[in-house]
1. Counting only residues 5 or more places away or on other chains, whose amide H sits under 5 Å from the amide H of Gly169 once H atoms are built in the peptide plane?
2. All other residues with a Cβ under 13 Å from the Cβ of Lys44 taken together, and with Lys, Arg as +1 and Asp, Glu as -1, what is their net charge?
3. Each label point is 7 Å from the Cα along the Cα-to-Cβ direction; what then is the distance between the points at Lys93 and Asp38, in nm?
4. Apply the Karplus parameterisation 6.51 cos²θ - 1.76 cosθ + 1.60, with θ equal to phi minus 60°, to every residue of the stretch 170-178 and state each ³J(HN,Hα) to the nearest whole Hz, in sequence, with x for glycine and proline.
5. If a paramagnetic tag sat 7 Å from the Cα of Arg61 along the Cα-Cβ line, which residues of the stretch 151-167 would have the backbone N under 19 Å from that point?
6. Which entries in Lys41/Lys108; Lys115/Lys160; Lys107/Lys181; Lys41/Lys115; Lys41/Lys107 show an alpha-carbon gap greater than 30 Å?
7. Looking at the square roots a ≥ b ≥ c of the eigenvalues of the Cα gyration tensor of the stretch 22-88, which shape do they give, rounded for a/c under 1.5, prolate if a/b is larger than b/c, or oblate?
8. Karplus couplings for the stretch 78-89 from phi (6.51 cos²θ - 1.76 cosθ + 1.60, θ = phi - 60°), rounded to Hz, Gly and Pro as x?
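Computed from the coordinates by the stated procedures, all read-outs in this text should not be read as laboratory data. The structure presented is a predicted model; accordingly, all values stated were derived computationally and were not measured. Reconstructed Cβ throughout: ideal geometry from the backbone, glycine too, with neighbour counts over all protein chains shown.
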Amino acid sequence: MISSRHYRGVLSAFMAISLLLFACSAFAMNVRAVVEDDAGKPVKDAVVYAVNADGKAPAPRDIRDAVMDQQDEEFVPYVLPIQAGTIVYFPNKDNIRHHVYSLFPPKKFELMLYKGTPPAPVLFDRPGVVVLGCNIHDWMVAYIYVLETPYFAKTGEDGKVELRNLPQGNYEVRAWHPLMKETEESTRQRVAEPLPDKAGNDVDLLFRITLKPEWRPHRVPASPGGGYR
């Protein structure tokens, strides 16, 4: 039988946790963003991220491993945003071999011709843009965008994205796309608590960017016999 003292203790702990969760949710901020090109069309694969405007380091969050697939002789996804310190796996799901590489900082590496999954993943520990290529299939291009902040997301077909539960504070929210002409600094928008939105903790942002045309080498038709080209 549970004593009244034990019951009061459990109830007090439950109330304390509930109040803490309420406080966290009350002061958390949600940022909804739309990224459009200069013609007003939604932009897919744009990365929207928030950094502390006062220069404070973000609160630590668990970093999960990420995956950059190779399917149908293409990298999937085209843009992979990750936080610095993330381990990325590069499985090859094609029936031919690929030779994955990056020649420029912040991460130079090379995965020699292989099928399946290489035994060792790649650690991306420095922020910046990593351009991926395949030494056999020149049209294979992708981007890994390594961020210092844990507050980021990537737009879908509708150009929309949401950053949820940002801790209370002052932020700069920026947008990035591998084909954008502007600099990231030119896209920054300030948001802060308290917000003028009716909901108190939500804000809507619009980013308008200009995209450069993408040029890639011509893709070679698939070979029925497999192998590599």
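1. Distant-sequence amide H within range of Gly169: Glu193.
2. On the way: positive: Lys41, Lys154, Lys160; negative: Glu36, Asp37, Asp45, Glu157, Asp158, Glu214.
Summing Lys and Arg as +1 and Asp and Glu as -1 gives -3.
3. Placing both labels 7 Å beyond Cα along the Cβ direction yields 3.7 nm.
4. In residue order, the calculated couplings are 9, 10, 10, 10, 10, 10, 9, 8, x Hz.
5. Of the residues in the stretch 151-167, 151-156, 160-167 have backbone N under 19 Å from the label point off Arg61.
6. Working: Lys41/Lys108 34 Å; Lys115/Lys160 35 Å; Lys107/Lys181 23 Å; Lys41/Lys115 38 Å; Lys41/Lys107 33 Å.
Flagged as over cut-off: Lys41/Lys108; Lys115/Lys160; Lys41/Lys115; Lys41/Lys107.
7. On the way: a/c = 2.41, a/b = 1.30, b/c = 1.86.
It comes out oblate by the Cα gyration axes.
8. 5, 10, 10, x, 9, 8, 4, x, 7, 9, 10, 9
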